[in-house]
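Asker: Take this structure, written in structure tokens, and hold onto it; I'll ask about it next.
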Amino acid sequence: MIKKTIRDVELSGKTVFIRVDFNVPIKEGVVEDDTRIRGAIPTIEYALENGAKVVLASHLGRPLKDKKKAEEKGVEFDVSKYSLAPVAKKLSDLLTKPVDFEDSSELSDGYAKISALQDGEIVMLENLRLNAGEEKNDPEFAKTLAKGVDIYVNDAFGTAHRAHASTEGITHFVDTCVAGLLMEKELAFLGKALNDPERPFVAILGGAKVSDKIPVIESLIKRKVDKLLIGGAMAYTFFKAQGFTVGKSLVEDDMMPTALEVERKAKEAGVELLLPTDHQVVDSYDPINSRKAIQIEFTNAGLVGLDIGPDTAARFAQALEGAKTIVWNGPMGMFEEKPFDEGTLAIANAVAEATANGATSIVGGGDSVAAVNQAGLADKISHISTGGGATLEFLAGDELPGVAALDDK
Ligand code: 3PG
């Protein structure tokens, strides 16, 4: 897969451009979750310790798309929310080292700072997506990014499913292009799970929409995952397709035939597909009231399901016993709203326990990772993936353009 990593190249005195994924939540100028920043630190420290001049680059959000939307709606657009300056500050705190910040989105004077860099120094560029050339993979912009760069390192696994100027285009203008240590680690864990898993292999998928997960479900069935546990609102599409009443729970009606097809394929492949047996329902969620756990078949037309119930949590935990590989992506309910985080937290505990008993566990996706962190279990999971969409595309068996670009060198 990956031919070369940062360990395979001589870095001393070289200008090293490291593409990281620092697309992190920021509230009032403060980084709320630094998982992705911490994930890239081994690569950054390795480059600095080996005498490189380090240029760091990332995107943050989708500023140009959001600006267009704001203009269409005639609402004010605050571009300052898309600045990576708070991230540079957070990184500097984590590294206990100054991180210079290049605040020109056009890079007009960016290279003045870069050419003045000394060995072991670091500069971070402003949000790449403030420049229209980034998402368009404009060769001119890619060439500008590559100016003065000796070595390109892609450590942005979370953005590897995008063919953008800083993830793909730039590799056409720099001779030496390698993977960073986080990219290497992500591909090693996910690649092993997908292509050569130790069995039993159990996958847990959740989230609101089954349509988002169909390619992953099909890829996992094709690879004959031993058990596939499905929770979250996406389970209601399966239940409605089977003829159950799901009340006002979230359903994608147009995906019902696909859900039945998935069940058929799983059966044919000998994959055990487990759906919830009970769930937490309310009769109104604005305001939330009268939460109760009931069996799926007792759901009446007025109810809405917002989390898996205790029987399901126990059954899913039992299904994880003895697993040797576990991949989990997506929450079991409306995780962001207490107490509907309980089902997801129960799964986080069960995955941690199975890991202590010998499973290799991989957790990806915002809410599942947040659940693991909230439960204080991050160090009890084998690998926490920094990818959202990238992890799903990888598990679906798709080639990631950011990885393919390195392989082509
Ligand atoms: C992510 O958060 O999944 C990555 O940073 C990619 O962001 P994008 O979906 O805006 O390209």
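The values are calculated or read from the model by the stated rules, or taken from the named source; none is laboratory data. Keep in mind that this is a model prediction, so the values were computed, not measured. With ideal geometry, Cβ positions are generated from the backbone for all residues, glycine too; neighbour counts draw on all protein chains shown.
Asker: Give the range 240-256 a look and list any residue that's out of contact with any strand residue (DSSP E or B) (no Cβ under 9 Å at 6 or more places or on another chain) and more than 25 Å from Leu194 (Cβ to Cβ), or say none. So that I can check it myself, show each step before the final result.
Answerer: Our first condition is that a residue be out of contact with any strand residue (DSSP E or B) (no Cβ under 9 Å at 6 or more places or on another chain); within the range 240-256, this holds for 240-245, 251-256.
Result: Lys240, Ala241, Gln242, Gly243, Phe244, Thr245, Val251, Glu252, Asp253, Asp254, Met256.
Asker: Continuing with the same structure: I'm trying to understand the selection: among the residues of the range 14-27, which are more than 13 Å from the ligand (Cβ to nearest atom) and touching a Gly at 6+ places or on another chain (Cβ under 6 Å)?
Answerer: Hit for the range 14-27 is Thr15, nothing else.
Asker: Still on this model: Sort through Glu268, Glu272 and tell me the only one that's surrounded by fewer than 19 Cβ atoms within 10 Å (Cβ to Cβ), out of contact with any Phe, Trp or Tyr (no Cβ under 8 Å at 6 or more places or on another chain) and free of Cβ contacts under 8 Å to residues at least 12 places away in the same chain. Steps first, please.
Answerer: Details: Glu272 fails: free of Cβ contacts under 8 Å to residues at least 12 places away in the same chain.
From the options Glu268, Glu272, the qualifying one is Glu268.
Asker: Return only the number of the condition from (1) surrounded by fewer than 18 Cβ atoms within 10 Å (Cβ to Cβ); (2) within 16 Å of the ligand (Cβ to nearest atom); (3) in a loop (DSSP other than H, G, I, E, B) that Asn137 does not satisfy.
Answerer: Of the numbered conditions (1) surrounded by fewer than 18 Cβ atoms within 10 Å (Cβ to Cβ); (2) within 16 Å of the ligand (Cβ to nearest atom); (3) in a loop (DSSP other than H, G, I, E, B), the odd one out for Asn137 is (1).
Asker: Can you pull out the residues in the range 34-60 that are within 16 Å of the ligand (Cβ to nearest atom) and more than 18 Å from Ala160 (Cβ to Cβ)? Spell out the reasoning first.
Answerer: Residues of the range 34-60 within 16 Å of the ligand (Cβ to nearest atom): 34-40, 56-60.
Of everything in the range 34-60, those that are within 16 Å of the ligand (Cβ to nearest atom) and more than 18 Å from Ala160 (Cβ to Cβ) turn out to be Asp34, Arg38.
Asker: Taking the criterion of being modelled with pLDDT under 95, β-branched (Val, Ile, Thr) and either within 16 Å of the ligand (Cβ to nearest atom) or under 18 Å from the mean Cα position of the chain (by Cα) (or both), would at least one residue in the range 348-371 satisfy it?
Answerer: At the first step, the residues of the range 348-371 found to be modelled with pLDDT under 95 are 364-371.
Filter again for β-branched (Val, Ile, Thr), leaving 369.
Retained after the next criterion (residues that are either within 16 Å of the ligand (Cβ to nearest atom) or under 18 Å from the mean Cα position of the chain (by Cα) (or both)): 369.
Within the range 348-371 (the criterion being modelled with pLDDT under 95, β-branched (Val, Ile, Thr) and either within 16 Å of the ligand (Cβ to nearest atom) or under 18 Å from the mean Cα position of the chain (by Cα) (or both)), the answer is yes, since at least one residue qualifies.
Asker: Kindly list the number of the only condition in (1) within 22 Å of the chain's Cα centre (by Cα); (2) part of a loop (DSSP other than H, G, I, E, B); (3) modelled with pLDDT of 95 or more; (4) not polar (S, T, N, Q) that fails for Pro276.
Answerer: (1)
Asker: Can you name every residue in the range 140-157 that is part of a helix (DSSP H, G or I), more than 15 Å from the ligand (Cβ to nearest atom) and not polar (S, T, N, Q)? Even if it seems obvious, please write down each step before you answer.
Answerer: The initial filter retains those residues of the range 140-157 that are part of a helix (DSSP H, G or I), namely 140-146, 157.
Then drop every residue that is not more than 15 Å from the ligand (Cβ to nearest atom), which leaves 140-146.
Scanning the range 140-157 gives Glu140, Phe141, Ala142, Lys143, Leu145, Ala146.
Asker: Restricting to the range 1-32, what's the tally of residues that are within 30 Å of Asp398 (Cβ to Cβ) and of a type in the set (Ser, Thr, Tyr)?
Answerer: Here the count works out to 1.
Asker: While we're here: Within the range 211-234, track down each residue that is assigned to a helix (DSSP H, G or I), closer than 17 Å to Met332 by Cβ and touching a residue at least 60 places away in the same chain (Cβ under 8 Å). Full working, then the answer.
Answerer: The initial filter retains those residues of the range 211-234 that are assigned to a helix (DSSP H, G or I), namely 211-222, 234.
Then drop every residue that is not closer than 17 Å to Met332 by Cβ, which leaves 212-213, 216-217, 234.
Within the range 211-234, Asp212, Lys213, Val216, Met234 meet the criteria.
Asker: Return yes or no: is Ser382 among the polar types (S, T, N, Q) and either surrounded by 20 or more Cβ atoms within 10 Å (Cβ to Cβ) or within 16 Å of the ligand (Cβ to nearest atom) (or both)?
Answerer: Details: among the polar types (S, T, N, Q): yes; either surrounded by 20 or more Cβ atoms within 10 Å (Cβ to Cβ) or within 16 Å of the ligand (Cβ to nearest atom) (or both): no.
Criteria not met by Ser382.
Asker: Looking at the range 158-184, which of the residues that are within 15 Å of the ligand (Cβ to nearest atom) and hydroxyl-bearing (Ser, Thr, Tyr) is nearest to the chain's Cα centre (by Cα)?
Answerer: Among those residues, the one meeting the criterion is Thr159.
Asker: Separate question: Val202 is checked against (1) part of a helix (DSSP H, G or I); (2) over 24 Å from Asp138 (Cα atoms) and fails just one. What number does that condition carry?
Answerer: (1)
Asker: Mind checking which residues of the range 296-339 are exposed (fewer than 15 other Cβ atoms within 10 Å of the Cβ) and among the aromatic types (Phe, Trp, Tyr)?
Answerer: Selection gives Phe298 alone.
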